[in-house]
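Scroll down for the structure; my scribbles are underneath it.
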Amino acid sequence: MGITVDTNFVIDLLRAEPAAVRKAKDLDGRRETKFLTTLVLYEVSAGLFFARSRSETARFHGLVSRFATLPFDEPAAMKAAEIRAELLRLGRAKSHVDVMIAGAAAAGGHILASRDRDLQELSQTIGLNLEPY
């Protein structure tokens, strides 16, 4: 078990948002492994490539080195598919990437650190262990 962070957390941390900085310090003090999914790497990198910001890219690479990489593998894909199907049944569809991040965290039995409202709603719907900041 570990702690997985979402895209908003990474962006907030890069922007030195006080709540994210406090949460990062809290996470650094814990024994659990901290994970960054390949999906978060994709989302943040796409934004940085678009912005062509070398300074933000350098900060991002420094931040990434503090986390273990959590791949979007077969168990994560199957859990995400299960979550997506349940959300569709309930008429509460969320973005594919959010569902995939939740699937990766849930498949590993991880806590998901996020302030994203869609992920908070999703956590209540499917019982994902979400820790807001």
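The values are calculated or read from the model by the stated rules, or taken from the named source; none is laboratory data. Everything numeric in this text was worked out from a predicted model, so none of it was measured. A quick note on method: Cβ atoms are made from the backbone with ideal geometry, for glycine too, and the neighbour counts reach across all protein chains shown.
Only a single item in (1) farther than 15 Å from residue 115 by Cα; (2) in contact (Cβ under 8 Å) with a residue 12 or more places away in the chain is not met by residue 31, and it is number (2).
Look at the range 36-57: where a residue is over 25 Å from residue 106 (Cβ atoms) and a partner is of a type in the set (Asp, Glu), sitting 6+ places away or on another chain with Cβ atoms under 7 Å, you get 48/56. Residues in the range 60-97 that are over 17 Å from residue 3 (Cβ atoms) and in contact (Cβ under 8 Å) with a residue 40 or more places away in the chain: 60, 83, 86, 97.
Hey, can you tell me all the residues within the range 93-118 that are among the aliphatic types (A, V, I, L, M) and part of a helix (DSSP H, G or I)? Residues satisfying the conditions are 97, 99, 100, 101, 102, 104, 105, 106, 107.
If you go through the range 44-74 and pick out every residue that is polar (S, T, N, Q), modelled with pLDDT under 90 and in a helix (DSSP H, G or I), you end up with 2.
The lone criterion from (1) in contact with a strand residue (DSSP E or B) (Cβ under 8 Å, 6 or more places away or on another chain); (2) at pLDDT 95 or above; (3) surrounded by fewer than 20 Cβ atoms within 10 Å (Cβ to Cβ); (4) not basic (Lys, Arg) left unmet by residue 40 is number (3).
Out of the residues in the range 1-22 that are among the charged types (D, E, K, R) and in contact with a helix residue (DSSP H, G or I) (Cβ under 7 Å, 6 or more places away or on another chain), which is surrounded by the fewest Cβ atoms within 10 Å (Cβ to Cβ)? Once the filter is applied, the top-ranked residue is 12.
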